[in-house]
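S.K.: Take this structure, written in structure tokens, and hold onto it; I'll ask about it next.
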Amino acid sequence: GSFGDVLVVGGAAGMTGAAWLAARAALAAGAGRVYVQPLDEQASLLDPVHPELMGRRAHAARQLPIGSLTLVCGCGGGSEIAVVLPAWLGRAPRLVLDADALNAIATDTGLQTQLQHRALRGQATVLTPHPLEAARLLGCSSQSVQADRLGAARTLAERFAGTVVLKGSGSVVAQPGQAAWINDTGNASLATAGTGDVLAGWLAGLWAQGLTPWQAARQAVNLHGSAADQWVAQGSEGPLTASRLVDAMRSDAG
């Protein structure tokens, strides 16, 4: 029980794969136990390729010991994520916000206020936006974000009092009161569906084991990119799909 628990909440109808990808990544990163709460109530609670992942319906997920949980919220969440997000913003001690969770927060000032108050309660948050999601949170264009990626990441970190991973070419990790860090690994082979879900899950898997959010974010981002670099260096052909990426990161991590 010393390697932490991860719960992935996401996977609305037609997008359950995103939640399972994040869960596979968290498990491969070394988390002790990994749970998945699909938002599609008709979805299976079993990943037949990885039966060690544990599916839970909403009522059962709420009964998990909250103190040991690192939560990933948003992967494939669709509009349904906005329904469950307020409760988890209030409860989760360690929270990774990705994808549709970020989009829901961008359009709801109440959720924004909840997010800002988490740090006051000693609850830690990591946000993992791509440029368009960052633009929605900042109320500007993605072109503006790309024109000043460091500034955008720092502003988000200060505004929401958390750690921010601004994804893209030269991903930026920012945290209030600390110099931002720019990643130097990765390539265009990561531009496939689901690779962001893998990153969010891997980050949570590291964080659950006792790393700080800053350490977990930097390590996950760097490995995410280096696995893609190794994929290209080996002369691999075809796209680096998200499920292949999990295996590549596991291999690259040694």
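S.K.: Would you check if S79 is of a type in the set (S, T, Y), at pLDDT below 95, more than 18 Å from G196 (Cβ to Cβ) and out of contact with any Lys or Arg (no Cβ under 7 Å at 6 or more places or on another chain)?
M.R.: The answer is no for S79.
S.K.: Which residue pairs have Cβ atoms under 6 Å apart, sit 6 or more places apart or on different chains, and have a first residue in region 95-121 that is under 20 Å from W207 (Cβ atoms) and a second that is open to solvent by 10 Å² or more (accessible area, probe 1.4 Å) and among the hydrophobic types (A, V, I, L, M, F, W, C)?
M.R.: Once the first residue is under 20 Å from W207 (Cβ atoms) and sits in region 95-121, its partners that are open to solvent by 10 Å² or more (accessible area, probe 1.4 Å) and among the hydrophobic types (A, V, I, L, M, F, W, C) give A119/A161.
S.K.: Further question: If I ask for residues that are over 21 Å from L85 (Cβ atoms) and in a strand (DSSP E or B), which ones from region 25-55 would you list?
M.R.: If the condition is that a residue be over 21 Å from L85 (Cβ atoms) and in a strand (DSSP E or B), then R33, M54 are the ones that fit.
S.K.: I would also like to ask the following. Within region 1-24, count every residue that is under 15 Å from V84 (Cβ atoms) and either assigned to a strand (DSSP E or B) or among the aromatic types (F, W, Y) (or both).
M.R.: Residues in region 1-24 being under 15 Å from V84 (Cβ atoms) and either assigned to a strand (DSSP E or B) or among the aromatic types (F, W, Y) (or both): 4 in total.
S.K.: I need the helices (runs of 4 or more DSSP H) fully contained in region 80-136, keeping only those with at least 3 residues that are open to solvent by less than 10 Å² (accessible area, probe 1.4 Å) and not charged (D, E, K, R).
M.R.: 81-91, 100-106
S.K.: Let me ask something else about it. Under the condition of being among the polar types (S, T, N, Q) and open to solvent by less than 50 Å² (accessible area, probe 1.4 Å), which residue from region 188-218 is nearest to R24 (Cα to Cα)?
M.R.: The residue in question is T195.
S.K.: Only one residue in W181, W231 is part of a helix (DSSP H, G or I) and not polar (S, T, N, Q). Which one?
M.R.: None of the other options fit; the residue is W231.
S.K.: I would also like to ask the following. Scan region 32-40 and give yes if some residue there is over 21 Å from G196 (Cα atoms) and open to solvent by less than 20 Å² (accessible area, probe 1.4 Å), otherwise no.
M.R.: No, region 32-40 contains no residue that is over 21 Å from G196 (Cα atoms) and open to solvent by less than 20 Å² (accessible area, probe 1.4 Å).
S.K.: Within region 56-79, how many residues turn out to be outside any helix (DSSP H, G or I) and open to solvent by 50 Å² or more (accessible area, probe 1.4 Å)?
M.R.: 5
The values are calculated or read from the model by the stated rules, or taken from the named source; none is laboratory data. Computed from a prediction, not measured in an experiment: that's the story for all the values here. All Cβ positions, even for glycine, are placed from backbone atoms using ideal geometry, and neighbour counts span all protein chains on display. The accessibility values were calculated without ligands, DNA or RNA, using every heavy atom of the protein model including side chains. Shrake-Rupley method; radii C 1.70, N 1.55, O 1.52, S 1.80 Å.
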